[in-house]
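To start, the structure itself, in structure tokens.
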Amino acid sequence: MDRGFEHLTRRALAGGRGKPTSPLFRLSETLLSRAQHRPARLLATAAISKHEKTLDKNTTGLGSLPLTWPHKGWTEKMLLDVVPSHREPRTVGDRFAWRVTRICRWAMDFVTGMGPEQKVDSKHPTTAVAAHRPLTESQWLVRFIFLESIAGVPGMVAGALRHLHSIRRLKPDHGWIKTLLEESYNERMHLLTFLQMYQPSRLMRFMVFAAQGIFYNTFFISYLVSPKICHRFVGYLEEEAVHTYTRCLREMDAGSLLGWTKEDFKIPDIAVKYWNMQEGRRSMRDLILHIRADEASHRGVNHTLSNLDQSSDPNPFIVQDSNGGHTLNEKQVAVIKPRGLEREEIFKRRE
């Protein structure tokens, strides 16, 4: 790591001004960064390249493996049209899902060590992106890793349960499984990308391990009880994700994240390959734009799935029209209907 980037990282860990942001931030960074013999740290461009080779050697013993679900890509307009949004709760189930999401948001703020001056307006938690003090690169990456390690669970759980239900009942699943598993895969690719930019401490890894164990089993049981509420919860969780990445973009544009805006800063190769990012469009800002668009897609998709009959309605994102094309897709929902499509609206489109 070069001295300039090391100096920037040290300033970031201290709040960017040479002073700790808050006792809570100092506590969380002490736990997450100093619990192991080698402290967790941001990786400079050269370190990212070296770290990628290590990961490839450890995880792909048979060589470079093809992508299970190649990304379909985003247009420039779609990337820029994504905005934070919130679907107001309308039922008891919606309100329950929203309350659980707020608890998860509080836990995320605690783990990140976010001080009061770094929080946005609590009256508009998923749409307000301005705060008195920005987060640091280190705080953002810790937040991203925790967020993506949780976000990759629901699609896999829901897809697995619907798969088992289908073969147990000897009936088709109406096309839900593919969309759910593809969503889970997409979230995992987000996580793998950020892991090549940040080395989590042992305690942070343990916290992710514990959180996944609790969340997986809780979501598993919850999905058996009410898939509708679970999809609404995921929709709200994705609202938080879109808000998170939108705020990161805002602070990056304001010049608060200097380490990511340097001309020589390079994103991991895994991101370039997965999103088919063109030369000249491979900055950290471009990466966050692509990930935010993915999260916006999941937001609209899950709000839509929650509006459907969970046992009989087909998945509208893979239904083909008479010409063999898709009647609608995740991209359209992300841009046009961030709150999801209502059931009546879907059937009206088919008429």
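The values are calculated or read from the model by the stated rules, or taken from the named source; none is laboratory data. The structure presented is a predicted model; accordingly, all values stated were derived computationally and were not measured. Counting neighbours? That spans all protein chains shown, and the Cβs are built from the backbone with ideal geometry, glycine included. What goes into the accessible areas is simple: the full protein's heavy atoms, side chains included, and nothing from ligands, DNA or RNA. Shrake-Rupley method; radii C 1.70, N 1.55, O 1.52, S 1.80 Å.
Given the structure, is Asp253 open to solvent by 10 Å² or more (accessible area, probe 1.4 Å), touching a helix residue (DSSP H, G or I) at 6+ places or on another chain (Cβ under 8 Å) and in contact (Cβ under 8 Å) with a residue 60 or more places away in the chain?
No: the conditions fail for Asp253.
When you scan region 227-263, how many residues do you find that are more than 19 Å from Ala130 (Cβ to Cβ) and not in a helix (DSSP H, G or I)?
So the answer is 2.
Would you call Glu295 in contact with a helix residue (DSSP H, G or I) (Cβ under 8 Å, 6 or more places away or on another chain) and part of a helix (DSSP H, G or I)?
Against the criterion (in contact with a helix residue (DSSP H, G or I) (Cβ under 8 Å, 6 or more places away or on another chain) and part of a helix (DSSP H, G or I)), Glu295 qualifies.
Just for region 248-303: of the residues that are farther than 24 Å from Leu181 by Cα and of a type in the set (Lys, Arg), which one is farthest from the chain's Cα centre (by Cα)?
For region 248-303, the residue satisfying everything is Lys262.
Of all residues in region 80-95, which are surrounded by fewer than 16 Cβ atoms within 10 Å (Cβ to Cβ), aliphatic (A, V, I, L, M) and farther than 16 Å from His231 by Cα?
Correct list: Leu80, Val83.
Which of (1) within 22 Å of Ala107 (Cα to Cα); (2) open to solvent by 80 Å² or more (accessible area, probe 1.4 Å) is the odd one out, the single condition Val225 does not satisfy?
Just one mismatch for Val225, condition (1).
Only one of (1) open to solvent by less than 10 Å² (accessible area, probe 1.4 Å); (2) more than 30 Å from Ser312 (Cα to Cα) is not met by Asp121, so which one is it?
Status for Asp121: all satisfied but (1).
Sort out which residues of region 78-118 are under 20 Å from the mean Cα position of the chain (by Cα), assigned to a loop (DSSP other than H, G, I, E, B) and among the hydroxyl-bearing types (Ser, Thr, Tyr), and write them in order of number.
Ser85, the sole residue that qualifies.
Scanning for something buried (at least 22 other Cβ atoms within 10 Å of the Cβ), among the hydrophobic types (A, V, I, L, M, F, W, C) and closer than 16 Å to Thr246 by Cβ, does region 96-112 turn up at least one residue?
Within region 96-112 (the criterion being buried (at least 22 other Cβ atoms within 10 Å of the Cβ), among the hydrophobic types (A, V, I, L, M, F, W, C) and closer than 16 Å to Thr246 by Cβ), the answer is no, since none of the residues qualifies.
Residues in region 130-144: is at least one assigned to a helix (DSSP H, G or I) and in contact with a Leu (Cβ under 6 Å, 6 or more places away or on another chain)?
Within region 130-144, one or more residues are assigned to a helix (DSSP H, G or I) and in contact with a Leu (Cβ under 6 Å, 6 or more places away or on another chain).
Among what's in region 169-205 and is open to solvent by 50 Å² or more (accessible area, probe 1.4 Å) and in a loop (DSSP other than H, G, I, E, B), pick the residue that is modelled with the highest pLDDT.
Checking each candidate, the answer is Leu170.
Restricting attention to region 214-226, and to residues there that are part of a helix (DSSP H, G or I) and either small (Gly, Ala, Ser) or free of Cβ contacts under 8 Å to residues at least 40 places away in the same chain (or both), which single residue is farthest from Ser149 (Cα to Cα)?
Val225
Please find, within region 124-166, the residue that is most open to solvent (accessible area, probe 1.4 Å) out of those that are in contact (Cβ under 8 Å) with a residue 60 or more places away in the chain and of a type in the set (Lys, Arg).
Arg133
Residues checked against (1) hydrophobic (A, V, I, L, M, F, W, C); (2) buried (at least 21 other Cβ atoms within 10 Å of the Cβ); (3) in contact with a helix residue (DSSP H, G or I) (Cβ under 6 Å, 6 or more places away or on another chain):
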residue: Cys230; (1), (2), (3): yes, yes, yes
residue: Tyr236; (1), (2), (3): no, yes, yes
residue: Glu239; (1), (2), (3): no, yes, yes
residue: Tyr245; (1), (2), (3): no, yes, yes
residue: Leu258; (1), (2), (3): yes, no, no
residue: Asn276; (1), (2), (3): no, no, no
residue: Leu287; (1), (2), (3): yes, yes, yes
